[in-house]
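Contents: one structure, followed by commentary.
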Amino acid sequence: MVTWRIIPFKRHDPFENMAIDEAIFRTHQRGGESPVVRFYGWKNPAVSLGYFQDAEEEIDCAYCRGKGIDIVRRPTGGKAVLHGDDLTYSLVAGESIPPFSHDVVETYRIISGCIIRGLAKSGIDVQMVEEGRGGVGSAGSFCFATSYKNELLVGGRKICGSAQVRTRGAFLQHGSVLIDFDPLAVCAAMGRTGDAGGAQEIEAAVTSVREMIGGDVSVDDLCLNIAAGFEEVLHMRLVEGGLSPGEEALRDRLLEEKYVRDEWNLKGGRTGSGY
Amino acid sequence: MSFPNDLIYSSEHTWVRVDGDIATVGITGYAQDKLDEILSVELFPIDSSVEQGEPFGVIESVKGATELISPVSGDIVSVNEDLADDVGILNSDAYDTGWMIVVEMSDVGELDNLMDAETYTDYVEANEEDD
């Protein structure tokens with residue numbers, strides 16, 4: 001059976017998390033071997049912005065700084081996510097690796113199928129969105145307030161949001177499975193502190209693993225189940241590994257030159273060049 | 001899917017219109033199909049240097065960012081500002097007013113690495129079969 005690498009769950013700071021994902025992606029597109037699945041958490045709370053989002057327009061930067069919430073820009077598209085009580089996954093693969101393709105939406109559909117299978121093992125019945133819906137209320141810049149085709153809902157409420165970047169025949173998709181969820185915290189980070197109405201709207205549109213299970217959640221079990229979902233849907237076996245020396249070196253460079261810098265995190269700019 | 005015969009194409013799904021050492025660059029209809037709904041395009045500014053096989057911008061589609069890979073090396077001498085106002089041009093007129101950048105090429109010989117319309121059509125069909 002074909003084997004892919006899995007990098008087991010570990011918490012990192014927000015900047016390191018993005019540097020690791022991009023290092024794996026850049027290394028893979030330059031001739032990496034098998035696809036890579038990674039699970040990770042966040043050492044401290046953070047808002048991740050989509051590649052194209054404007055920090056000042058989308059979130060309350062001063063509030064975030066005051067609360068110790070880091071702001072990091074992702075290499076992927078999509079909208080803002082408040083991280084902390086979530087399990088994040090990433091998958092790096094070539095577009096030509098079966099069953100993936102050049103088709104962005106189809107790739108979402110396949111990966112969503114893996115997450116559905118995994119969450120079912122945790123007792124959560126997740127459905128894939130057939131048609132997307134716009135953002136709810138005043139938090140349209142928040143990832144979980146919006147759902148697109150092939151994203152994941154439980155009873156009409158979003159539980160997992162994902163985003164992609166692709167180039168040179170490879171893609172990186174990462175996504176966030178909500179373990180717990182605080183709508184007021186989301187509103188505050190999005191610049192709407194105390195917006196009870198907005199929080200209610202978001203709460204009605206979003207759910208979490210904890211809410212669905214009705215009790216404590218083991219992150220290890222969740223990782224095991226979602227990993228099994230990937231294996232079963234994609235007909236491969238995941239083998240634990242770490243970063244290669246080349247990936248580690250690129251992670252360090254990306255961290256220093258890109259992800260710890262306000263110039264990138266708050267303003268964005270030319271990406272990819274030189275990596 | 002057919003592609004204009006007067007253009008040449010890269011494996012990263014860009015097209016090139018050549019006039020001496022000047023290359024006008026855009027993306028093909030095939031690339032657009034695979035991106036789903038395009039929301040915006042971010043291009044490197046005038047006077048930037050680009051290299052064959054390296055990025056010259058990023059396309060935003062729903063939930064995705066896709067790097068645009070330059071088919072030629074040289075300096076960007078013009079950028080299509082109209083795309084910032086109406087990215088729909090990419091869909092309606094991809095091979096003419098939907099151009100993206102104009103590059104003054106530093107190595108015209110690199111064009112040998114690109115494909116004519118017939119070869120690109122075969123390349124796309126092979127990709128579709130793989131999918």
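The values are calculated or read from the model by the stated rules, or taken from the named source; none is laboratory data. Since the model is a prediction, treat every value here as computed from it, not as a measurement. Virtual Cβ from ideal backbone geometry, glycine too; neighbours counted across all protein chains shown. Calculation scope for accessible area: heavy atoms of the full protein, side chains included, ligands and nucleic acids excluded. Shrake-Rupley method; radii C 1.70, N 1.55, O 1.52, S 1.80 Å.
For the reader, a short list of remarks on this structure follows.
- Value of [θ]222 nm, deg cm²/dmol, for chain A, DSSP H segments ≥ 4, -39500 (n - 2.57) each, nearest 500: -10000 deg cm²/dmol
- Calculated [θ] (222 nm, deg cm²/dmol) that DSSP helices of n ≥ 4 give over chain B, each run adding -39,500 (n - 2.57): -5500 deg cm²/dmol
- Counting only lysines at least 8 places from residue A:67 when in the same chain, those with an alpha carbon closer than 27 Å to its own are A:10, A:43, A:79, A:158, A:258, A:267.
- Shown for the range B:97-131: residues covered by the partner protein chains by 30 Å² or more of accessible area relative to the chain by itself (probe radius 1.4 Å), namely B:131.
- Reachable aspartates and glutamates from residue B:63, criterion Cα separation under 13 angstrom, eight or more residues apart if same chain: A:103, A:106, A:151, B:36, B:37
- Stretching the chain fully between residue B:11 and residue B:51 yields a gain of 12.9 nm (0.36 nm per residue, less the alpha carbon separation).
- Computed lengthening from residue A:237 to residue A:63, 0.36 nm per intervening residue step minus Cα-Cα distance: 58.3 nm
- For chain A, the ratio of Cα radius of gyration to the globular rule of thumb 2.2 N^0.38 Å stands at 0.94.
- Inter-label distance for residue B:104 and residue B:86, nm, one decimal - labels placed 7 Å from Cα along Cα-to-Cβ: 3.0
- The accessible surface of chain A, taken with every protein chain in place and a 1.4 Å probe, is 48 percent carbon and sulfur.
- Summed side-chain charge close to residue A:212 - residues other than residue A:212 whose Cβ falls under 15 Å, Lys, Arg +1, Asp, Glu -1: -4
- Accessible surface, per residue, of the range A:3-263 when the full set of protein chains is kept, probe 1.4 Å, Å²: 37
- The simple spin-label model puts a point 7 Å past each Cα toward its Cβ; for residue B:33 and residue B:118 those points are separated by 2.1 nm.
- Length released on extending from residue A:200 to residue A:252, taking residue separation times 0.36 nm less the Cα-Cα span: 14.6 nm
- Bridges between two residues of the protein assembly as shown, per DSSP, are antiparallel at a rate of about 75%.
- Label-point gap, in nm, between residue A:44 and residue A:261 - each point 7 angstrom along Cα→Cβ: 2.1
- Chain B contacts chain A over a buried accessible area of about 2300 Å², both sides summed; the probe is 1.4 Å and only protein chains count.
- Sites counted here are trypsin sites (Lys or Arg not before Pro) in a DSSP loop (not H, G, I, E or B) having no more than 13 other Cβ atoms within 10 Å; the longest part of chain A that contains none of them is A:68-275.
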